[in-house]
Amino acid sequence: MNSGMNPLLLVTFFPLVGVLLILLYQKTWKSAIRWTALITSLVTFGLSLWMLSMFDPADPNIQMEINLPWFNLGGNQIGFHLGVDGISILMVLLTGFLTPIALLSTWKAVEDRIAGFMAFFLMLETGMMGVFLSMDMALFYIFWEFTLIPMYFLIGLWGSKRRVYAAIKFVLYTMAGSLLMLAGILWVGLQYGGFDLTKMDASLIPLSAQLWLFAAFGLAFAIKVPMWPLHSWLPDAHTEAPTAGSVILAGVLLKMGAYGFLRFNLPLFPEATLKLVPWMAALAVIGIIYGAMVAFRQKDVKRLVAYSSISHLGFVVLGIFALNQQGIEGAILQMVNHGLSTGALFLIVGLIYERRHTRELEEFGGLWKVMPVLGGLSLVVMLSSLGLPGLNGFVGEFSILLGAFNSDFLASPWFAGVATIGVILAAVYLLHMFQKVFLGPVTKEENLKLKDLSLREILTLAPILVVIFWIGLYPKPFFLLMSPAVEKLTTVFQTLALAAH
C-alpha cells in the first residue's frame, strides 16, 4: 500500500494538522479555534471510518501495515510500524468517535487559553491513536509516554482546585509503571530478536524470563487500567480534570492498559499468563467489588462515577484472563461500552456542574422536574452503565461472565459468581445517585432556575445514546470485527493447555 495514502498514517497524524492551524491563529479568535479543533477531530473520525471500510473482518492478521526502517539499537532494527487488527480496530474507532464529542462539550465550559486546550486535546488524540496502531514495541512506548504530556497539562491547567496535585500524581503513577515496561521492552528486544511485534516468537522466551517480563509489562498496564490496589491516582485525576478530560480519560486512556494486556502480555508471555491467571482474576474481582462499594459511599457525583470505572474495568480484566473467546470478546466490547456509558456520565455531571458549580449529591434532588430532557437522557445512560438488557452494558458483561464461568483456565467458577455481585452493587450505587440527583422534590431554591439542555448539549449526548442502543440491540457487527483475531489469540492457550496434559 502506498504509505502516502495509508489510512493508518492519516488517522494517527491528522489531528496534528489542527494543532498547527490553531498555533497560527491569534489568541482572540476563540470561535475559529473551537471550530478548527472540532472539524479536525470529525475528519479524523471520518478517516477511521475509511480505515474500517478497508478492513477485512475475516482476516485475523495485522492489516494495512506501514513498516519503514527508523533506527538501529544494539544491532536490532526499530521500525515505524503501524498496523490494525480485530483487537485494536474498535479502540481506534472509539477514540475517533469520542474526541469530537468531548470537544463539543467544551464550547461554553472552556473560556481561558482555548488555543492551548484544543492543541493539547488534538495532540492527545494522536498519542492515543498511535498506541492502538503501533506494531513496534519501541514505537508503542513512545506513543504511550507521549499521551502523558497533553493529559498532564489538561488536568494541571484547566482542572479544579486540586488540579496540580492530581496531575502530578497521574504522571508519577504512570511513569513508574512505564519505566518498568521500558526495561521489559529493551530486554525482550535485545535478548529475543528485535522489537517488531509481528515477528516475536514467544517460544524463544523461557518461563523464568516470561514471569519477570509479565510483571514488568503488567504493572504498567495494571496502573493504567487501573486495577486494585494501583488505582488511587484515578479518582483524583477524574475529579480534578475538566469534563472533556474526564470523558477522554475514562473513554480511551484507561483502555490503553487493558489493550496492553491483550497486545503484549497474552501473546508474548503465554506460559507466564497461564501461571498467573488465578492471581489476575482475583485482583480483577476484588476491584469489581471494592470499586462498587467505595462508589456508593461518595458524596461527590464525579468521584462516584470515577470509582464506578474501577469496578467496571475489573470486569474487563476478568474477561481478558478468562483466556477464551467469550471472555476476551466480551472484554473488548466492554471496553467500548465503558467508554460510551462512563463518558456520557461524565458529560452529564459536567452539564450539571456548569449550571450549579457544585457536584455534591446533597445539593440536588428533583432535577427531573426542572430539566426533563437531561433527566430522560441520564436515565438511559445510567441504565446502560448498570447493564440493563437491551442496552450496551448488558452484552459485554454477559459475555465476560459467560467466559469466566466456562473458562478452562480460571481455577474456579467462583470468580464469575463473585463478580456477579458487582452487577448488583452497580445497580445500588447508580440508582442511589439517580434518585439523589433527579427524583423527589426540589429542595434547593437554586435548582428551580436551572435551564434544560440546549440543542448543542443534546447533540453532544445523542450520538453516544444511538450507539448504546445499537450495541444493546444488535452487537453482531462488533463481534464480527474482532472474532478472527481473538480466536487466533486464544488458540495459543488451548495449544499450551493440551501440551501440559
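Here the Karplus curve 6.51 cos²θ - 1.76 cosθ + 1.60, taken at θ = phi - 60°, turns the phi angles of region 465-470 into couplings of 5, 4, 6, 4, 6, 4 Hz, with x standing for Gly and Pro. Each Lys and Arg Cβ is given +1 and each Asp and Glu Cβ -1; about its Cα centre, the chain then shows a dipole of about 1400 debye.
In a fully extended conformation the segment linking residue 172 and residue 412 would gain 82.8 nm over its present Cα-Cα distance, using 0.36 nm per residue.
Beyond 27 Å in Cα-Cα separation lie the following of the pairs 169/299; 302/451; 27/224; 224/302: 27/224.
A Förster distance of 51 Å, applied to the separation of the beta-carbon atoms of residue 446 and residue 483, puts the FRET efficiency at 0.50.
Using just its DSSP H runs of length 4 or more, each adding -39500 (n - 2.57), the chain gives a mean residue ellipticity at 222 nm of -23500 deg cm²/dmol after division by all residues.
Modelled this way, with points 7 Å down the Cα-to-C-beta line, the labels at residue 157 and residue 207 are 5.2 nm from one another. Residue separation of residue 165 and residue 179 scaled by 0.36 nm, minus their Cα-Cα distance, works out to 2.9 nm of gained length.
Considering only 398, 311, 202, and ranking their Cα positions along the charge dipole of the chain that arises from unit charges at the beta-carbon of Lys, Arg, Asp and Glu, the one farthest toward the positive end is 311.
Here the relative contact order of the chain, from alpha carbon pairs under 8 Å that lie six or more residues apart, stands at 15 percent. Placing unit charges on the Cβ atoms only, positive for Lys and Arg and negative for Asp and Glu, gives region 269-496 a dipole magnitude near 460 debye about its Cα centre. Taking the charge dipole of the chain about its Cα centre, with +1 at Lys and Arg Cβ atoms and -1 at Asp and Glu Cβ atoms, the residue from 223, 54, 424 reaching farthest to the positive side is 424.
Computing FRET efficiency as 1/(1 + (r/R0)^6) for residue 187 and residue 362, where r is the C-beta to C-beta distance and R0 is 51 Å, gives about 0.45. Using only side-chain charges placed at the Cβ, +1 for Lys and Arg and -1 for Asp and Glu, the dipole size of region 136-279 relative to its Cα centre rounds to 400 debye.
Farthest toward the positive end of the dipole of the chain, out of 479, 253, 411, is the Cα of 253, where the dipole comes from beta carbon charges about the Cα centre.
Normalised by the number of residues in region 269-496, the mean separation of alpha-carbon contacts (under 8 Å, six or more apart) gives a relative contact order of 28 percent. Counting 0.36 nm for each residue step from residue 494 to residue 297 and taking away their Cα separation leaves a gain of 66.7 nm.
Just so you know, all these numbers are worked out from the coordinates, no wet-lab data involved. The structure displayed is predicted, hence computed values, not measured ones. Virtual Cβ from ideal backbone geometry, glycine too; neighbours counted across all protein chains shown.
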